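Notes for the one structure printed next.
The values are calculated or read from the model by the stated rules, or taken from the named source; none is laboratory data. Keep in mind that what you see is a predicted model, and the values were worked out from it rather than measured. Cβ placement follows ideal geometry from the backbone for every residue including glycine, while neighbour counts extend to all protein chains displayed.
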Amino acid sequence: MAHRYILKLLSDYELDRLILFLQLFDGHNGTAAALYAKDHLLNNVLGAIPLDLSREDWVAALPRALVAGFVKTDKDFLERGICHYNIMLR
């Protein structure tokens, strides 16, 4: 099975908030993409959110950060040339 998952609880005591991240990665052609996303996607998303935002500004910034994080993860994965193919021969 090529599925991978991550569950993280992050806290920001200054802004008095808890953030729960649940990610499920489905490796359709093997585990390489699922493993890479598991190891990099969350950091890429959080890295796209500016520091020191209010709760409201953080929530407003999240949709763009999600897109930026997914794009960066995909681009970095493809630039590394990581691929895995399952081939079935009869």
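Are any residues in region 44-67 in contact with a helix residue (DSSP H, G or I) (Cβ under 7 Å, 6 or more places away or on another chain) and either surrounded by 11 or more Cβ atoms within 10 Å (Cβ to Cβ) or within 14 Å of residue 19 (Cβ to Cβ) (or both), and if so, which ones?
Looking only at region 44-67, we keep the residues that are in contact with a helix residue (DSSP H, G or I) (Cβ under 7 Å, 6 or more places away or on another chain), and these are 44-45, 48-50, 53, 65-66.
44, 45, 48, 49, 53, 65, 66, listed by residue number.
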Conditions (1) loosely packed, with under 15 Cβ neighbours inside 10 Å; (2) at pLDDT below 90: number failed by residue 76: (2)
